[in-house]
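This report refers to the structure that appears directly beneath it.
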Amino acid sequence: MIKRTGRLRLIRTAELTELRTAAAELAELRPLLAQAQQSAELATDSAIRTETTAETLREELARTITAAARAEGELTALRVQHLLDAEDRVALRMLLRTARKQQPRTGRVYVLYRHGALHSVHTTRDAAEIAAEAEGAPRDGWTSSATCCATPYGAPEVPWRIQTLPLGGGER
């Protein structure tokens, strides 16, 4: 019990011993408290870094999903184009066989392409031009297109093109 008498405070010896013991325990706990505060700061920093990394990974995942979807779309378009090209080759073979049967003396046929796709096969260049003009091609401006396009079907940006193809082992 602490008694106050004016300005002086009287403390019993037992109370003084208790206060000293509490002060010693508090002195022992201060480093633990500092260590706990430091651990809390490290945990907070680690949580912030983890959240930042998670956000970065989410953004990268979204970009990857978008790129995969784009690649899937391109692959689908390429598959469709490949199938169309194969159909064009089959149709061209059939038309060439038909032309061979109809005109056994001719050594070549004239294949008309519209935007790179097979349109028709003709026995003469004039017949191919007439067929193209009937579909709206201009009546003039026809030129030889031997070096026009990298593929035998021609570039899709070329509206009309005539290509000479040999029949059998004939000359062009």
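Bear in mind that the values in this text are calculations on the coordinates, not laboratory data. Model, not experiment: these values are computed from the prediction. As a convention, Cβ positions derive from the backbone with ideal geometry for all residues, glycine included, and neighbour counts pool all protein chains shown.
Of note:
- With both labels modelled 7 Å from their Cα along Cα-to-Cβ, the Ile48 to Lys101 distance reads 8.2 nm.
- Net length gained if the chain between Leu33 and Glu157 were fully extended (0.36 nm per residue, minus Cα distance): 37.0 nm
- A simple spin-label model places pseudo-atoms 7 Å from Cα toward Cβ; at Ala68 and Val90 they are separated by 3.3 nm.
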